[in-house]
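The values are calculated or read from the model by the stated rules, or taken from the named source; none is laboratory data. Here the structure is a predicted model, which means the values were calculated and not measured. Ideal geometry is used to build each Cβ from the backbone, glycine not excepted, and the neighbour counts take in all protein chains shown. For accessibility, only protein heavy atoms count, side chains too; no ligands or nucleic acids. Shrake-Rupley method; radii C 1.70, N 1.55, O 1.52, S 1.80 Å.
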Amino acid sequence: MGNSSDRAQLRQRRIMSYFIEAADEIIQDEGVAALTIRKVADRAGYTSATLYNYFDNLNHLIFLATLKHLEEYNNEIALRVAGCKNPVEIYLVISECFCEYSFRDPEIYNLLFYGSIDEKVDAYTRQYYELFENKKDGLPTISKIIGVSNLYRRSLIMLMDCVESGFFSSENAIDFNDIAMLIYRGILRDVLDGKLTAQSATVKNMKYYCQLMRFYIEPEYRDLLDSGYLKAAVDQ
């Protein structure tokens, strides 16, 4: 009985991966707006009816297909945080990396984090990592945020590490997070509208983050913002 169940699960994963790969290819070739159920099914070699056996709707499929674009970002984080000395630096290094990747591919990241799947976003994210379990390998530094696709909560999880280490009070961390998320979303909108390049948007976002952090961080740690990576970010 167990073998039959395992085979059925493997088949489900295999067929879902075919549809996800087909959707991603169409996104790469033609953009998200060109994606249709029929087009994905044709490319994957199945019928539209078969696709609906595995996905709730087109938005479900699009989300799983676009989530692939976080893989390169996740792998880059693992490299960048290796030299960080404290949770504050980790937060800013990860934030800068996120800006670089998201502003280079704003349509995809806007869809991922501000799309229309609402309450199912975490369930769909967990499903993705169950389908592609190897994608979590080698990412211990961000294990807390893997499976969380609400940007506000991802940011707050990292800020709570700063709270535990005494760099922020809980109240200040929450206030910082509220404002930081407003800053990021506004800058992302400017990138989508063609008002900012990816590079200039990253510089602007990180400058504002660091200036904001100077206000909310505990006074005895403000000198962290005057040295090394943090100083360079503030001075940009």
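Structure above, values below:
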item: Hits in the stretch 123-150 - residues which are farther than 21 Å from C84 by Cβ, touching a Lys or Arg at 6+ places or on another chain (Cβ under 9 Å) and either modelled with pLDDT under 65 or not in a loop (DSSP other than H, G, I, E, B) (or both); result: Y128, Y129, E130, L131, K135, G147
item: Test: L51 is of a type outside the set (D, E) and either in contact with a Pro (Cβ under 8 Å, 6 or more places away or on another chain) or under 30 Å from I217 (Cα atoms) (or both); result: no
item: Residues that are touching a residue at least 24 places away in the same chain (Cβ under 8 Å) and over 16 Å from S95 (Cα atoms), drawn from the stretch 165-182; result: S165, G166, F167, F168, S169, N172, D175
item: Which numbered condition E100 misses (of (1) open to solvent by 50 Å² or more (accessible area, probe 1.4 Å); (2) outside any loop (DSSP other than H, G, I, E, B); (3) among the charged types (D, E, K, R)); result: (1)
item: Some residue of the stretch 189-202 being open to solvent by less than 50 Å² (accessible area, probe 1.4 Å), more than 16 Å from Y101 (Cβ to Cβ) and within 21 Å of the chain's Cα centre (by Cα); result: yes
item: Matching residues in the stretch 33-62 - criterion: being surrounded by 13 or more Cβ atoms within 10 Å (Cβ to Cβ) and of a type in the set (A, V, I, L, M); result: L35, I37, V40, A41, A44, L51, L58, L61, I62
item: Subset of the stretch 10-29 (residues that are among the charged types (D, E, K, R) and over 13 Å from I108 (Cα atoms)); result: R11, R13, R14, E21, E25, D29
item: Every pair of residues 6+ apart whose Cβ atoms lie under 8 Å, when the first sits in the stretch 120-144 and is within 19 Å of I94 (Cα to Cα) and open to solvent by less than 20 Å² (accessible area, probe 1.4 Å) while the second is at pLDDT below 75 and hydrophobic (A, V, I, L, M, F, W, C); result: L139/I146
item: Residue list for the stretch 217-233, restricted to those being in a helix (DSSP H, G or I), modelled with pLDDT of 55 or more and of a type in the set (G, A, S); result: none
item: Test: residue in the stretch 112-119 that is free of Cβ contacts under 8 Å to residues at least 12 places away in the same chain and loosely packed, with under 14 Cβ neighbours inside 10 Å; result: yes
item: Output for the stretch 65-88, where each listed residue is crowded, with 19+ Cβ neighbours inside 10 Å, modelled with pLDDT of 85 or more and farther than 15 Å from R154 by Cα; result: A65
item: Test: residue in the stretch 50-64 that is farther than 30 Å from D6 by Cβ and charged (D, E, K, R); result: no
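So that you can scan it fast, the table gives a plain yes or no per residue for (1) touching a residue at least 24 places away in the same chain (Cβ under 8 Å); (2) assigned to a helix (DSSP H, G or I):
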residue: Q12; (1), (2): yes, yes
residue: Y18; (1), (2): yes, yes
residue: I27; (1), (2): yes, yes
residue: A33; (1), (2): no, yes
residue: R38; (1), (2): no, yes
residue: Y46; (1), (2): yes, no
residue: T50; (1), (2): yes, yes
residue: Y54; (1), (2): yes, no
